[in-house]
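Structure first, then comments.
The values are calculated or read from the model by the stated rules, or taken from the named source; none is laboratory data. No experiment lies behind these values; they were computed from the predicted model shown. As a convention, Cβ positions derive from the backbone with ideal geometry for all residues, glycine included, and neighbour counts pool all protein chains shown. Please note that ligands, DNA and RNA were not included when accessible areas were found on the heavy atoms of the full protein model with its side chains. Shrake-Rupley method; radii C 1.70, N 1.55, O 1.52, S 1.80 Å.
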Amino acid sequence: MDAGQEIAEALGLLLRRTTRARLYQRLTEGLGEGVDELTYPVLSGLARTGPRSAAELAHEVGLDRSNVTRRASRLEEAGLLRREPDPADRRATLLVLTDHGEQAVQATRDRLADQIADALRSWPPAEADSFARHLHRFVTEGPFTAPDEHGGGTGDS
């Protein structure tokens, strides 16, 4: 199997919905009411993008607007996000993380970093560092970005 096929298979495993759900469950366990594997994508998406409407966030996290709205309501009830008028369109509402929401996101990020560090603990440090650099390069320059996102073209020019 060539490198492209091997990477495609590994990514297929990583991107499966069941794999993500198990990861989200481990990351959110015990973080309190409202934070679970269903609400995590909304919480994490807002942390990445900043305030967004439910429709904009739905596009970002790959859910439909009604799912984002329901999950946002649970997060709002738990004090993790709030709704604010959109300054650009007073008829629209933005979803905004609260301080408590930002703390929950940081806790999940810390947990993820710890789990990755644990998984790499048996690797020689130089290999782990090399993997981190190459993975970052692959994600920022690879097939997951639009040409204008990494300053390069598609090679078709």
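Structure above, values below:
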read-out	value
Test result for Ala128, touching a helix residue (DSSP H, G or I) at 6+ places or on another chain (Cβ under 6 Å), part of a helix (DSSP H, G or I) and aliphatic (A, V, I, L, M)	yes
Failed item in (1) free of Cβ contacts under 8 Å to residues at least 24 places away in the same chain; (2) open to solvent by 30 Å² or more (accessible area, probe 1.4 Å); (3) touching a strand residue (DSSP E or B) at 6+ places or on another chain (Cβ under 8 Å), with Gly45 passing the rest	(2)
Residue that is open to solvent by 50 Å² or more (accessible area, probe 1.4 Å) and in contact with a strand residue (DSSP E or B) (Cβ under 9 Å, 6 or more places away or on another chain), where the choices are Glu37, Glu76, Glu9	Glu76
Condition broken by Ala126, with the remaining ones in (1) modelled with pLDDT of 95 or more; (2) within 18 Å of the chain's Cα centre (by Cα); (3) more than 21 Å from Val42 (Cβ to Cβ) satisfied	(2)
Residue in region 57-73 that is surrounded by the fewest Cβ atoms within 10 Å (Cβ to Cβ), counting only those that are among the small types (Gly, Ala, Ser) and outside any loop (DSSP other than H, G, I, E, B)	Ser66
Long-range neighbours under 8 Å by Cβ, at least six apart or interchain, first residue without any contact (Cβ under 8 Å) to a residue 12 or more places away in the chain within region 66-81, second open to solvent by less than 40 Å² (accessible area, probe 1.4 Å)	Asn67/Ala58
Whichever residue in region 18-34 is surrounded by 19 or more Cβ atoms within 10 Å (Cβ to Cβ) and within 14 Å of the chain's Cα centre (by Cα) and, among such residues, is nearest to Leu97 (Cα to Cα)	Thr28
Filtered residue count, region 87-113, keeping only those that are loosely packed, with under 11 Cβ neighbours inside 10 Å and either under 20 Å from Thr69 (Cβ atoms) or of a type in the set (Asp, Glu) (or both)	5
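The rows are residues; the columns are (1) farther than 25 Å from Gly32 by Cα; (2) within 19 Å of the chain's Cα centre (by Cα).
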{"site": "Leu75", "(1), (2)": "no, yes"}
{"site": "Gly79", "(1), (2)": "no, no"}
{"site": "Glu84", "(1), (2)": "no, no"}
{"site": "Thr93", "(1), (2)": "yes, no"}
